[in-house]
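Trainee: Below is the structure I would like to discuss, written out as structure tokens.
The values are calculated or read from the model by the stated rules, or taken from the named source; none is laboratory data. Quick caveat, the model's predicted, so the values are computed rather than measured. With ideal geometry, Cβ positions are generated from the backbone for all residues, glycine too; neighbour counts draw on all protein chains shown. When the accessible area is computed, the model is the full protein with side chains, heavy atoms only, and any ligands, DNA or RNA have been set aside. Shrake-Rupley method; radii C 1.70, N 1.55, O 1.52, S 1.80 Å.
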Amino acid sequence: MGIRVRISIKAIDSGNEVTTAALVNSGYEVDEPEILLPRRLAEYLGIDLRPPKARVQTYETPLGIFYLIFVPRAVDVHLVDVCQRVAEVNIAVSEEEREVLISDKLASALGIQLIDIGKGLWRHRDDPPDTVRESYRAEYW
């Protein structure tokens, strides 16, 4: 099933904002908090995808090598359910992906703890131990 959380993404330069579901992907391993956006969503947010701000970066995945547009410190991300925010998050923009993906470091910074991935259950690190939250439905862009 996977775990999807409700987030708000705000583009720093344009100020445009959207609330959507995002898939927590622990296999999306990076050095700093990062979020993958479908190109359609990045354009909707008004993010400039041209140099010098943006650059092409190589990503290695189980499906092979991909070249994505990388924009450093382009968005602020807010975990809606618990009012947890992470400022100046890097983005990767994909032509192929239709769903927002949260990297391992962003999930950690947002305080997301996976309980049962197959059932879509999670909690926030500040929740009491008996709190169990359910995954949201996928949203495609």
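Trainee: How many of the residues in segment 1-33 are closer than 20 Å to Leu49 by Cβ and not aliphatic (A, V, I, L, M)?
Mentor: Summing the residues that are closer than 20 Å to Leu49 by Cβ and not aliphatic (A, V, I, L, M) in segment 1-33 gives 10.
Trainee: Another question, then. Given the structure, is Gly2 out of contact with any strand residue (DSSP E or B) (no Cβ under 9 Å at 6 or more places or on another chain), more than 15 Å from Ile91 (Cα to Cα) and open to solvent by less than 50 Å² (accessible area, probe 1.4 Å)? Before you say what the answer is, go through the steps one by one.
Mentor: On the way: out of contact with any strand residue (DSSP E or B) (no Cβ under 9 Å at 6 or more places or on another chain): no; more than 15 Å from Ile91 (Cα to Cα): yes; open to solvent by less than 50 Å² (accessible area, probe 1.4 Å): yes.
No.
Trainee: Would a scan of segment 60-67 turn up a residue that is in contact (Cβ under 8 Å) with a residue 12 or more places away in the chain and within 22 Å of Gly15 (Cα to Cα)?
Mentor: No; the residues of segment 60-67 include none that is in contact (Cβ under 8 Å) with a residue 12 or more places away in the chain and within 22 Å of Gly15 (Cα to Cα).
Trainee: Please count how many residues of segment 11-30 are more than 11 Å from Ile102 (Cα to Cα) and either open to solvent by 40 Å² or more (accessible area, probe 1.4 Å) or in contact (Cβ under 8 Å) with a residue 60 or more places away in the chain (or both). If you could, list the steps in order and put the result at the bottom.
Mentor: First pass over segment 11-30, keeping only residues more than 11 Å from Ile102 (Cα to Cα): 11-20.
Restricting the remaining residues to those that are either open to solvent by 40 Å² or more (accessible area, probe 1.4 Å) or in contact (Cβ under 8 Å) with a residue 60 or more places away in the chain (or both) gives 11-14, 16-17, 19-20.
Residues that pass the stated criteria total 8.
Residue-wise test of (1) within 22 Å of Glu17 (Cβ to Cβ); (2) of a type outside the set (Ser, Thr, Tyr); (3) surrounded by fewer than 16 Cβ atoms within 10 Å (Cβ to Cβ); (4) modelled with pLDDT under 95.
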{"residue": "Leu41", "(1), (2), (3), (4)": "yes, yes, no, no"}
{"residue": "Glu95", "(1), (2), (3), (4)": "no, yes, yes, yes"}
{"residue": "Arg123", "(1), (2), (3), (4)": "no, yes, no, no"}
{"residue": "Tyr136", "(1), (2), (3), (4)": "yes, no, no, no"}
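Trainee: Inspect all residues belonging to segment 112-134 and state whether any of them is among the small types (Gly, Ala, Ser) and outside any loop (DSSP other than H, G, I, E, B).
Mentor: Pass one, segment 112-134, residues among the small types (Gly, Ala, Ser): 118, 120.
Now narrow it down to the ones that are outside any loop (DSSP other than H, G, I, E, B): none.
Among the residues of segment 112-134, not one is among the small types (Gly, Ala, Ser) and outside any loop (DSSP other than H, G, I, E, B), which makes the answer no.
Trainee: Go over the candidates Ala74, Ala87, Ala107 one by one and state the one that is within 16 Å of the chain's Cα centre (by Cα) and surrounded by fewer than 15 Cβ atoms within 10 Å (Cβ to Cβ).
Mentor: Of Ala74, Ala87, Ala107, the one residue that is within 16 Å of the chain's Cα centre (by Cα) and surrounded by fewer than 15 Cβ atoms within 10 Å (Cβ to Cβ) is Ala87.
Trainee: If you don't mind, another one. Can you name the residue in segment 110-121 that is β-branched (Val, Ile, Thr) and open to solvent by 40 Å² or more (accessible area, probe 1.4 Å) and, of all such residues, is farthest from the chain's Cα centre (by Cα)?
Mentor: Ile115
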